[in-house]
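In what follows, a structure is listed as structure tokens, so that the remarks can point back to it.
The values are calculated or read from the model by the stated rules, or taken from the named source; none is laboratory data. All of these numbers come straight from a predicted model, not from anything done at the bench. Using ideal geometry, Cβ is built from the backbone for each residue, glycine included, and neighbour counts are taken over all protein chains shown.
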Amino acid sequence: MEDIKYWLWLSSVDEVGPVRARALLEKFGGPEAVWSAGLKQLSWVDGIGEKVAEKIMASKNDDILNKSIEKVKKYNAKIVTLYNSNYPELLKNTHSAPILLYMNGELVRNEATVSVVGSRNATQYGLRTAYNLAFQLARKGITVVSGMARGIDTAAHKGALDAGGRTIAVLGCGLDIVYPYENKDLMNRIINSGAVVTEYPIGTAPDAKHFPRRNRIISGISLGVLLVEASQKSGSLITADFALEQNREVFAVPGQIGIKSSSGTNGLIKQGAKMVTCIEDILEELNVKSYECVHDNEDQIEKLNLNDDEKIIYSNLSNIPIHLESLMKTSGFSISKLNIIFTMLELKDLIKQLPGKQFIRS
């Protein structure tokens, strides 16, 4: 936790955003070395200068940092720094990637991710389309990313979860705040079957200015961004702009002509975004390998020479990661019994455990 202290400090210094923080890390090798650096050493770093260096020197406050660490512990938050192996590789390679993420849940290395975003004031057509496309993407083993906002975001998260897949929510506030509040249960479901991440410290309110900035993470963490429904003034178009800057694919679902909520997505298609009428349009463009679950028949499972309990668990697994708690609910087995079954199946090289108590077939 001592090392985390310096990461928390560097990420919170006024006038030192992600770009300057990264320049400091590259110059000094780590946040603790930045903390120990003198005024002149700091001012010589590209993009810093004397005024910003003075801000950095003045920001060193152990009491404030210790309180930040206590908040992280209180809310069981995990800190994923730019140097962690499970920091999203796609995001890491963007220009303004945050140097750390606060997280509940688990990230999986090198998972295929597609963002599904759109209007907060969505039509029933938009909600149904977002849910169905996210559901189908999740069934193909694609992790669905969104912002947990009302409307399209909520529908996308629910679609991925109901398919038994993974989903990632990127927040514009601290992990301790559920916004909107009616998504409290949804947030818990996402944590159990994916991850909730944010660059904002514990206690940060969902101010309007945070959401456009948050959108660069939604696009940066994804192979492509799908807009389901958006007006010409929709905030989700900011996500599309970030996606283009980050060299990501932009997809859009066509909407009815003359409808305000379709003007943004139809406009994107006119400008060259890939039109989407089914998930194959996305998979083909991204050249993403499908991990669709293939349901075995009883004869196929019988050939594996499993006992009855092992058959139950193996039949509930696929190439889509599934959380331990979900397996407990579907099987009715206790954790101790499941651990024994997992051990036997792993010894037979039939399953693999992923970070965050998630399991897939080998």
Exception for residue 57 within (1) among the hydrophobic types (A, V, I, L, M, F, W, C); (2) in contact (Cβ under 8 Å) with a residue 60 or more places away in the chain; (3) touching a Gly at 6+ places or on another chain (Cβ under 9 Å) falls at (2)
Discussion item. When you scan the range 19-27, do you find a residue that is surrounded by fewer than 16 Cβ atoms within 10 Å (Cβ to Cβ) and in contact (Cβ under 8 Å) with a residue 60 or more places away in the chain, even just one?
Written reply: yes
Looking across the range 1-11 at residues that are surrounded by fewer than 16 Cβ atoms within 10 Å (Cβ to Cβ) and in a helix (DSSP H, G or I), the single one that is modelled with the lowest pLDDT is 2
| said: Quick check on the range 213-236. Is at least one of its residues without any contact (Cβ under 8 Å) to a residue 40 or more places away in the chain, in the same structural domain as residue 111 (by TED's automatic domain parsing), touching a strand residue (DSSP E or B) at 6+ places or on another chain (Cβ under 8 Å) and not aromatic (Phe, Trp, Tyr)? | reply: no
- Task: Kindly check whether there is at least one residue in the range 176-187 that is assigned by TED's automatic domain parsing to the domain that holds residue 249 and surrounded by 24 or more Cβ atoms within 10 Å (Cβ to Cβ).
- Result: no
Residue pairs qualifying under the 9 Å Cβ cut-off, at least six apart or on distinct chains, with the first in the range 142-157 being of a type in the set (Asp, Glu) and surrounded by fewer than 24 Cβ atoms within 10 Å (Cβ to Cβ) and the second being part of a strand (DSSP E or B) and modelled with pLDDT of 95 or more, are none
Check: Is it the case that residue 288 is assigned to a strand (DSSP E or B) and either in the same structural domain as residue 234 (by TED's automatic domain parsing) or at pLDDT below 85 (or both)?
Finding: no
Check: Is it the case that the range 71-87 has a residue that's among the polar types (S, T, N, Q), outside any helix (DSSP H, G or I), surrounded by 15 or more Cβ atoms within 10 Å (Cβ to Cβ) and modelled with pLDDT under 90?
Finding: yes
Just one listed residue, out of 238, 282, is farther than 25 Å from residue 108 by Cα and among the hydrophobic types (A, V, I, L, M, F, W, C), and it is 238
If we ask which residues in the range 28-43 are of a type outside the set (D, E, K, R) and either loosely packed, with under 13 Cβ neighbours inside 10 Å or touching a strand residue (DSSP E or B) at 6+ places or on another chain (Cβ under 7 Å) (or both), their number turns out to be 4
### Task
Check whether at least one residue in the range 179-193 is modelled with pLDDT under 95, of a type in the set (Ser, Thr, Tyr) and more than 21 Å from residue 252 (Cβ to Cβ), and report yes or no.
yes
In the range 88-130, residues that are in a helix (DSSP H, G or I) and either under 15 Å from residue 171 (Cβ atoms) or touching a Cys at 6+ places or on another chain (Cβ under 7 Å) (or both) total 1
Going through the range 306-362 in order, the residues found to be among the small types (Gly, Ala, Ser), closer than 18 Å to residue 191 by Cα and touching a strand residue (DSSP E or B) at 6+ places or on another chain (Cβ under 8 Å) are 356
For the range 22-35, check the following and say yes or no: at least one residue is among the acidic types (Asp, Glu) and in a helix (DSSP H, G or I). yes
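So that you can scan it fast, the table gives a plain yes or no per residue for (1) over 20 Å from residue 196 (Cβ atoms); (2) at pLDDT 95 or above:
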| residue | (1), (2) |
| --- | --- |
| 91 | no, yes |
| 98 | no, yes |
| 104 | no, yes |
| 109 | no, no |
| 116 | no, yes |
| 123 | yes, no |
| 141 | yes, no |
| 147 | no, yes |
| 154 | no, yes |
Picked from the range 267-280 (must be more than 18 Å from residue 128 (Cβ to Cβ) and assigned to a helix (DSSP H, G or I)), the residue farthest from the chain's Cα centre (by Cα) is 270
Flagged in the range 134-176 as part of a loop (DSSP other than H, G, I, E, B) and closer than 13 Å to residue 206 by Cβ, in numbering order, are 147, 148, 149, 150, 171, 172, 173, 174, 175, 176
